[in-house]
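Asks: Here you go, one structure.
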Amino acid sequence: MPIEQLCKVVEMTPLNDSTYWMTLEVGKMVEEQGLRAGQFLHVACGEGLLLRRPISVACVVPDEPENTAALIFEVKGEGTRWLAQRKVGDQVNVLGPLGNGFTVEDGGRYLLVGGGIGVPPLLGYAEAFHENTVAVLGFRSADRVILADRYQEACKEVYLCTDDGSLGRHGFVDAQVKGILEQDKSFTAILACGPKPMLKNVAKVAAEYGVPCQVSMEERMACGVGACLGCAIQMADGTMKHVCKDGPVFDAKEVDWNV
């Protein structure tokens, strides 16, 4: 059951000129409500803005006396610009935990595939499964790369891809995923987060090689609790599901990729 609470900012670090790492004290949200990476918190961003902003959780720590959650976000408009101006000690109004995270099992091997601001929600899984993870991270260019060092510390292997070829492999992540699966299909699952075209392509490669795939969908949200249709997406069986309540993580086979 999501709760509304004021959370204190205990860390605010810029990762590049438009992306920020913000750590919040979230009471007992981790211990008592199971907050985990891949879920999101709905953050109120200033008194003049009606709609909250959904920010994915990158990683959590059940600290004492307060649990902490790291949120990584990109400044895209007035709301996230306001959020980026918060300082350590400030409080923000948060509703959560919301949505679901990825389904994982002890001892599993996971191929983590992130694109852009879809890279942060996978970080908690990299740091939980360590040598049992391989990561493929895609960005527009070298100057947009974030969290590469954290993934390199945690994962067995990390592959970087950039759209313009300025760092790592030149091209999109699905080509790198295909190359990995050609050599090793023994992953428990692919966990993917990023823009919908990227997810569609990764899901296609996963199906081709028979590897289960979970995708975290990005959609604009309004209420965040499934009461409106702002984030509804069509599923392969013709039904509609809410990204905020039923997701954001879905089995890739459930999603209608042709709409």
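The values are calculated or read from the model by the stated rules, or taken from the named source; none is laboratory data. Computed from a predicted model, the values in this text were never measured in an experiment. For neighbour counting, all protein chains shown are included, and Cβ atoms are generated from backbone atoms with ideal geometry for every residue, glycine included. Just so you know, the surface numbers come from the protein's heavy atoms only, side chains and all, with ligands and any DNA or RNA stripped out. Shrake-Rupley method; radii C 1.70, N 1.55, O 1.52, S 1.80 Å.
Asks: One residue is enough: does the range 138-145 have a residue meeting the conditions acidic (Asp, Glu) and more than 20 Å from GLY171 (Cα to Cα)?
Replies: Within the range 138-145, none of the residues are acidic (Asp, Glu) and more than 20 Å from GLY171 (Cα to Cα).
Asks: Of the residues ALA128, ALA135, ALA142, only one is at pLDDT 95 or above, over 16 Å from the mean Cα position of the chain (by Cα) and aliphatic (A, V, I, L, M); which?
Replies: ALA142
Asks: How many residues are of a type in the set (Lys, Arg) and in contact with a helix residue (DSSP H, G or I) (Cβ under 8 Å, 6 or more places away or on another chain) if we restrict to the range 69-118?
Replies: Selection size over the range 69-118: 1.
Asks: I've got another one for you. Given the condition under 14 Å from the mean Cα position of the chain (by Cα), open to solvent by less than 40 Å² (accessible area, probe 1.4 Å) and of a type outside the set (D, E, K, R), answer yes or no: does some residue in the range 2-16 qualify?
Replies: No: the range 2-16 contains no residue that is under 14 Å from the mean Cα position of the chain (by Cα), open to solvent by less than 40 Å² (accessible area, probe 1.4 Å) and of a type outside the set (D, E, K, R).
Asks: OK, next. Looking for whichever is in contact with a strand residue (DSSP E or B) (Cβ under 7 Å, 6 or more places away or on another chain), over 29 Å from ALA203 (Cα atoms) and at pLDDT below 95 here; the options are GLU78, GLU66. Which one fits?
Replies: Matching residue, one of GLU78, GLU66: GLU66.
Asks: Would you mention how many residues in the range 121-163 are crowded, with 21+ Cβ neighbours inside 10 Å and hydroxyl-bearing (Ser, Thr, Tyr)?
Replies: Residues flagged as crowded, with 21+ Cβ neighbours inside 10 Å and hydroxyl-bearing (Ser, Thr, Tyr) within the range 121-163 amount to 4.
Asks: Here is a follow-up. Looking at the range 161-179, which of its residues are among the aliphatic types (A, V, I, L, M) and within 16 Å of CYS193 (Cβ to Cβ)?
Replies: Within the range 161-179, VAL173, VAL177 qualify.
Asks: Kindly provide the set of residues from the range 17-35 that are surrounded by 15 or more Cβ atoms within 10 Å (Cβ to Cβ) and touching a Pro at 6+ places or on another chain (Cβ under 7 Å), ordered by number.
Replies: Those that are surrounded by 15 or more Cβ atoms within 10 Å (Cβ to Cβ) and touching a Pro at 6+ places or on another chain (Cβ under 7 Å): TYR20, MET29, VAL30, GLN33, LEU35.
Asks: Another one. Could you check the range 4-38 and list, in sequence order, the residues that are of a type in the set (S, T, N, Q) and more than 13 Å from VAL60 (Cα to Cα)?
Replies: GLN5, THR13, ASN16, SER18, THR19, listed by residue number.
Asks: Consider LEU122 carefully, then state whether it is within 30 Å of LEU50 (Cα to Cα) and assigned to a helix (DSSP H, G or I).
Replies: yes
Asks: If you don't mind, there's one more thing I want to ask. Among the residues of the range 226-259, which ones are under 16 Å from GLY38 (Cα atoms) and open to solvent by 40 Å² or more (accessible area, probe 1.4 Å)?
Replies: LYS245, ASP246, ASP251
Asks: Restricting attention to the range 36-79, and to residues there that are within 16 Å of SER216 (Cα to Cα) and part of a loop (DSSP other than H, G, I, E, B), which single residue is most open to solvent (accessible area, probe 1.4 Å)?
Replies: Restricting to residues being within 16 Å of SER216 (Cα to Cα) and part of a loop (DSSP other than H, G, I, E, B), the top hit is ARG36.
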